[in-house]
Amino acid sequence: MEEKQYSGPGQMVIDERGRGPRVVFIHGGGLGGAMAWQEQWPLGDTWRLVMPARPGYGASPWPGSEDFAHDSNYVADLIEPGDHVVAHSYGAAVAMLAVAKDVSRVASLTLIESGTSDIAKEDPRVTAFHYATLGLAAHPPADDEVYLRTLFKILEPSRPLPDPLPAPLRAFAGHLPHFRSPSEAIVPVRELAAASFPTLHISGGHSAAYEGITDALASQLGGERVVIEGGGHAPQRTGEPFNAVLRRFLSGEPPSSGESAA
């Protein structure tokens, strides 16, 4: 399988694997770059996987803050005509803003457990989540690790973080004092809803709040809605169950009878 690494927009280190139509993968917080998508590497048999490490992740230089709006400019510069875009969590906020800058360049958009809770803040499933994340960002704990553990109790309460924290999570904890919450992001609904490309909305079936956010995105943007259980906040970590859905979607095939629709 062909592999290469290079410096891209915003000095993002970009890993590419495979050959074929390009699929740009935008990671969330914690693990970054190609390592965030290890279970998707087998897709390189059909597609060229383009996996940037957003600023401050992997070998990409830390700019001093993490802001979805800033990152969206770099991702917009990375996207080429005909690209498919797949994005998870914080990366979904980045990707939606990037894609909305020129929807004509994109072949499809896949959103996985987006953290853009503002779009669904009136949903009772989402309201407490939305204001808890905003409140934490406004009044952060002084200790970075305490901040991270408190945040993950909101994001994924059923899965406590390991102790001690692995290196990528320690690095992510250091971002948090300079971190713009995705709950602040305003989804560019008008641009994305009017786009001609298909959209896939995936949640993990573990959190009422994330189900509410994903439902709102599917309702307002249009597109296909799927639940993939077993990976918590990161359905892509299920490997083949996720990959089978993504392969089918990227190939333009209709949903199979065995897939779980919300």
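The values are calculated or read from the model by the stated rules, or taken from the named source; none is laboratory data. Given the structure is predicted, the values throughout are model-derived calculations rather than measurements. Ideal geometry is used to build each Cβ from the backbone, glycine not excepted, and the neighbour counts take in all protein chains shown.
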> Which pairs do you get when a residue that is in contact (Cβ under 8 Å) with a residue 12 or more places away in the chain, found in the range 11-38, comes within reach of a residue that is among the hydroxyl-bearing types (S, T, Y) and part of a strand (DSSP E or B), reach meaning Cβ atoms under 7 angstrom, with the pair 6+ apart or on two chains?
Replying inline: V13/S7; I14/Y6
>> What are the pairs with Cβ atoms under 8 angstrom where one residue, in the range 79-104, is closer than 19 Å to A234 by Cβ and the other, located anywhere, is among the aliphatic types (A, V, I, L, M) and modelled with pLDDT under 95? Sequence gap at least six, or different chains.
In response: none
>> If I go through the range 182-212 residue by residue, how many of them are buried (at least 22 other Cβ atoms within 10 Å of the Cβ) and aromatic (F, W, Y)?
In response: 1
>> Yes or no: the range 120-131 includes at least one residue that is among the acidic types (D, E), in contact with a His (Cβ under 7 Å, 6 or more places away or on another chain) and within 20 Å of E184 (Cα to Cα).
In response: no
> In this structure, is A132 surrounded by 18 or more Cβ atoms within 10 Å (Cβ to Cβ), within 18 Å of E156 (Cβ to Cβ) and free of Cβ contacts under 8 Å to residues at least 24 places away in the same chain?
Replying inline: yes
> When you go through A69, A87, A93, A98 one by one, which is the residue that is surrounded by fewer than 24 Cβ atoms within 10 Å (Cβ to Cβ) and either assigned to a helix (DSSP H, G or I) or modelled with pLDDT of 95 or more (or both)?
Replying inline: A69
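Given the criterion out of contact with any helix residue (DSSP H, G or I) (no Cβ under 9 Å at 6 or more places or on another chain), under 30 Å from H84 (Cβ atoms) and of a type in the set (A, V, I, L, M), identify the matching residue among A171, A193.
Answer to the check: A171.
For the range 213-222, which positions are small (G, A, S) and crowded, with 22+ Cβ neighbours inside 10 Å?
Of all residues in the range 213-222, those small (G, A, S) come to 216, 218-219, 222.
Scanning the range 213-222 gives a single hit, A216.
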> Got at least one residue in the range 203-221 being of a type outside the set (D, E, K, R), without any contact (Cβ under 8 Å) to a residue 40 or more places away in the chain and touching a helix residue (DSSP H, G or I) at 6+ places or on another chain (Cβ under 8 Å)?
Replying inline: yes
> Within the bounds of the range 111-122, is there any residue that is part of a helix (DSSP H, G or I) and in contact with a strand residue (DSSP E or B) (Cβ under 6 Å, 6 or more places away or on another chain)?
Replying inline: no
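Anything in the range 33-65 that is part of a helix (DSSP H, G or I) and over 18 Å from the mean Cα position of the chain (by Cα)? List them, or say none. I'd like the intermediate steps shown before the answer.
First, pick out the residues of the range 33-65 that are part of a helix (DSSP H, G or I): 33-45.
Across the range 33-65, the qualifying residues are P42, G44, D45.
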> What is the number of the single condition among (1) modelled with pLDDT under 95; (2) of a type outside the set (A, V, I, L, M); (3) assigned to a helix (DSSP H, G or I) that G30 does not meet?
Replying inline: (3)
